[in-house]
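Down below is the structure, laid out as structure tokens.
The values are calculated or read from the model by the stated rules, or taken from the named source; none is laboratory data. Just so it is clear, the structure is predicted and the values come from calculations on it, not from any experiment. Neighbour counts run over all protein chains shown; Cβ positions are idealised from the backbone, glycine included.
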There are 2 protein chains.
Amino acid sequence: MFATVAAVNVSSLGFFDSGVGGLTVVRAVQELMPAEDILYLGDTARLPYGSKSPETIRQFAGEDVRFLISRGVKAIVVACNTATAHALPQLQERYRIPILGVIEPGVEAVLACENAERVGIIATRGTIRSHAYQHALALRRTGLMIHGQATPLLVPLIEENWIEHPATRAVLKTYLEPLIEKGIDTLMLACTHYPLLIPVLRELLPADVRLVDSATTCAEHLKKELTRLNLLETTAREGKLEIHLTDLSEEFEALARQFLKKSPGRIHRAVLGG
Amino acid sequence: MFATVAAVNVSSLGFFDSGVGGLTVVRAVQELMPAEDILYLGDTARLPYGSKSPETIRQFAGEDVRFLISRGVKAIVVACNTATAHALPQLQERYRIPILGVIEPGVEAVLACENAERVGIIATRGTIRSHAYQHALALRRTGLMIHGQATPLLVPLIEENWIEHPATRAVLKTYLEPLIEKGIDTLMLACTHYPLLIPVLRELLPADVRLVDSATTCAEHLKKELTRLNLLETTAREGKLEIHLTDLSEEFEALARQFLKKSPGRIHRAVLGG
């Protein structure tokens, strides 16, 4: 009997986000494809992206991608809805490496339910304003009623871990009221932070509203793409996670633990080349 | 009779902040010294500063100061408590131009009341963690009871203009409760955004708690310093305000109007040299 030898020269999957949010996607990927090594870049020095202009987000996303490519990743996931909305087409055009976003998988998951007729979307102001979800949904299914709602206070509340605080409920009630009034049957959680709100959302929404989130749908889409491109790691090894941040704040480790549901391990300081 | 001719070659006062907050200081300066030209830099591409590490804030503040110096300002105001706390001593050491922060004036104003015994400080996590106010107060008056409270959700709520929303009251109640329990007689609003909360704070705090804010105290201190350095603009001209931002978002103009209580005029895109 010999011990299983871990494959060598396995190339990592690269992920980037403005901060911790993308770790919900990482967690979903680790559950679905545990053998994959993951290199995660959080641009914490310049977070958040969700409130900034398309031009600035495209500049930052380009720098993030170049950092990951310089580390030799085999594919890149834009684990941030705002960056996907504003920068993905340009990134895919510019770089040869496979680059996936979180919007297409979410749109596919919404449309997987044939009965979906009234879809609410909650997201940062940047994502809502881009109309990326609204366009993608409307193009694929005619007659859908689509209601986008910018929910800019949710990320700060989640990052404070105030999910159970009365203020979060007060904020959510204001944000959800117009969607409930419009009788939505599906709510797209179009920000990678929002899966942490699912228990509270279930309480505040009518029971028959279906929740679709960016994290799990993106992981499933990624697995299909890696299989198609013959890039999936199929050995029985346990993949490693390496986290690089542009700013090392004292809060990140606790936040990362909350998003990953386990210790994030050692965290490195990233310097982006511009 | 001749029309008054505006002075030429008048040099501006330079202000910088991560975003809109510093405009409360600008407004106070405009009221006190209406003849001064003001050049304001908001580093909106990288805001907020309040949650980031001292090292990152010092790097950003250095770039902000170099931008203002390259524009020929006669003095610089660090119109941000977190940047003052982490970067002011280093900036003053490095550059010859007069550079003032918002902390010293606030501390002086707190101590101007001889009866102050129990002082609460509300600020970003970065400012509280720096202990800049706590140290400055404790050094000047022995026996003071000082209670610092990080209040990281206030800036996002103010920037949404949700000042009257029940969520803001719920957040403030949680933040103020430990300060009220400790029987504070003075509350230092140690973030340039917070003057907008004064009406709500007056409602939620016992009537005898004195509020001290960074904006008006800084303007008064600046006037004294400019007089001492013989840099005060003493003509009857009306000063101009020029705003430069590193990211031009659609929200900024409305927010700026709220902070300045008037139109911000034309806004320029700033590119920092690093």
Legend entry - Of the criteria (1) surrounded by fewer than 24 Cβ atoms within 10 Å (Cβ to Cβ); (2) at pLDDT 95 or above, which one A:ASN9 fails: (2)
Inset, instruction - Among the candidates A:HIS147, A:HIS86, single out the residue that is touching a Pro at 6+ places or on another chain (Cβ under 6 Å) and in contact (Cβ under 8 Å) with a residue 12 or more places away in the chain. - result: A:HIS86
Legend entry - One residue from B:PRO199, B:PRO206 being under 20 Å from the mean Cα position of the chain (by Cα) and either loosely packed, with under 15 Cβ neighbours inside 10 Å or charged (D, E, K, R) (or both): B:PRO199
Legend entry - Residue count, region B:128-148 (criterion: within 14 Å of chain A (Cβ to nearest Cβ) and touching a helix residue (DSSP H, G or I) at 6+ places or on another chain (Cβ under 6 Å)): 1
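Looking only at region B:45-75, filter to residues that are within 21 Å of A:GLU160 (Cα to Cα) and among the hydroxyl-bearing types (Ser, Thr, Tyr); which one of those is surrounded by the most Cβ atoms within 10 Å (Cβ to Cβ)?
Here is the first cut: in region B:45-75, the residues within 21 Å of A:GLU160 (Cα to Cα) are B:46-54, B:56-57.
Next, only the ones that are among the hydroxyl-bearing types (Ser, Thr, Tyr) stay: B:49, B:51, B:53, B:56.
Working: B:TYR49: 26, B:SER51: 24, B:SER53: 20, B:THR56: 21.
Filtering region B:45-75 for residues that are within 21 Å of A:GLU160 (Cα to Cα) and among the hydroxyl-bearing types (Ser, Thr, Tyr), the one surrounded by the most Cβ atoms within 10 Å (Cβ to Cβ) comes out as B:TYR49.
Listed here are the residues, each with its yes/no results for (1) outside any loop (DSSP other than H, G, I, E, B); (2) in the same structural domain as A:LEU41 (by TED's automatic domain parsing).
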| position | (1), (2) |
| --- | --- |
| A:THR192 | no, no |
| A:LEU196 | yes, no |
| A:HIS221 | yes, yes |
| A:ASN230 | no, yes |
| A:ILE243 | yes, yes |
| A:ARG257 | yes, yes |
| A:SER263 | no, yes |
Inset, instruction - Kindly provide the set of residues from region A:204-219 that are of a type in the set (A, V, I, L, M, F, W, C), under 30 Å from A:ALA254 (Cα atoms) and not in a helix (DSSP H, G or I), ordered by number. - result: A:LEU205, A:LEU211, A:VAL212
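Is it the case that A:ALA138 is within 19 Å of B:LEU157 (Cβ to Cβ) and either of a type in the set (Gly, Ala, Ser) or assigned by TED's automatic domain parsing to the domain that holds A:THR24 (or both)? Walk me through it before giving the result.
Details: within 19 Å of B:LEU157 (Cβ to Cβ): no; either of a type in the set (Gly, Ala, Ser) or assigned by TED's automatic domain parsing to the domain that holds A:THR24 (or both): yes.
No.
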Inset, instruction - Give the residues of region B:170-198 that are over 13 Å from B:LEU157 (Cβ atoms) and either small (Gly, Ala, Ser) or free of Cβ contacts under 8 Å to residues at least 12 places away in the same chain (or both), sorted by residue number. - result: B:GLU177, B:GLU181, B:GLY183, B:ALA190
Inset, instruction - Would you mention how many residues in region B:76-94 are surrounded by fewer than 18 Cβ atoms within 10 Å (Cβ to Cβ) and either under 16 Å from B:TYR194 (Cα atoms) or of a type in the set (D, E, K, R) (or both)? - result: 2
Inset, instruction - Restrict the check to region B:207-220 and report whether at least one residue is modelled with pLDDT of 95 or more, within 22 Å of B:THR127 (Cβ to Cβ) and either within 14 Å of another protein chain (Cβ to nearest Cβ) or touching a Ser or Thr at 6+ places or on another chain (Cβ under 6 Å) (or both). - result: yes
Legend entry - Failed item in (1) closer than 21 Å to A:THR82 by Cα; (2) within 18 Å of the chain's Cα centre (by Cα), with A:GLU242 passing the rest: (1)
Legend entry - Residue that is surrounded by the fewest Cβ atoms within 10 Å (Cβ to Cβ), among those in region B:248-274 that are more than 14 Å from every other protein chain (Cβ to nearest Cβ) and touching a Ser or Thr at 6+ places or on another chain (Cβ under 7 Å): B:ARG257
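Pull up region A:95-126, narrow it to residues that are within 14 Å of chain B (Cβ to nearest Cβ) and in contact with a strand residue (DSSP E or B) (Cβ under 8 Å, 6 or more places away or on another chain), then point me to the one that is surrounded by the fewest Cβ atoms within 10 Å (Cβ to Cβ). Outline the logic, then answer.
Narrowing region A:95-126 to residues within 14 Å of chain B (Cβ to nearest Cβ): A:124-126.
In the following step, the residues that additionally are in contact with a strand residue (DSSP E or B) (Cβ under 8 Å, 6 or more places away or on another chain) were identified as A:124-125.
Values: A:THR124: 27, A:ARG125: 18.
Here the residue is A:ARG125.
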Legend entry - region A:90-113 residues that are within 17 Å of A:ARG140 (Cβ to Cβ) and touching a residue at least 24 places away in the same chain (Cβ under 8 Å), paired with ones that are among the charged types (D, E, K, R) and surrounded by fewer than 17 Cβ atoms within 10 Å (Cβ to Cβ) (beta carbon under 6 Å, 6 or more apart): A:LEU111/A:ARG140; A:LEU111/A:ARG141
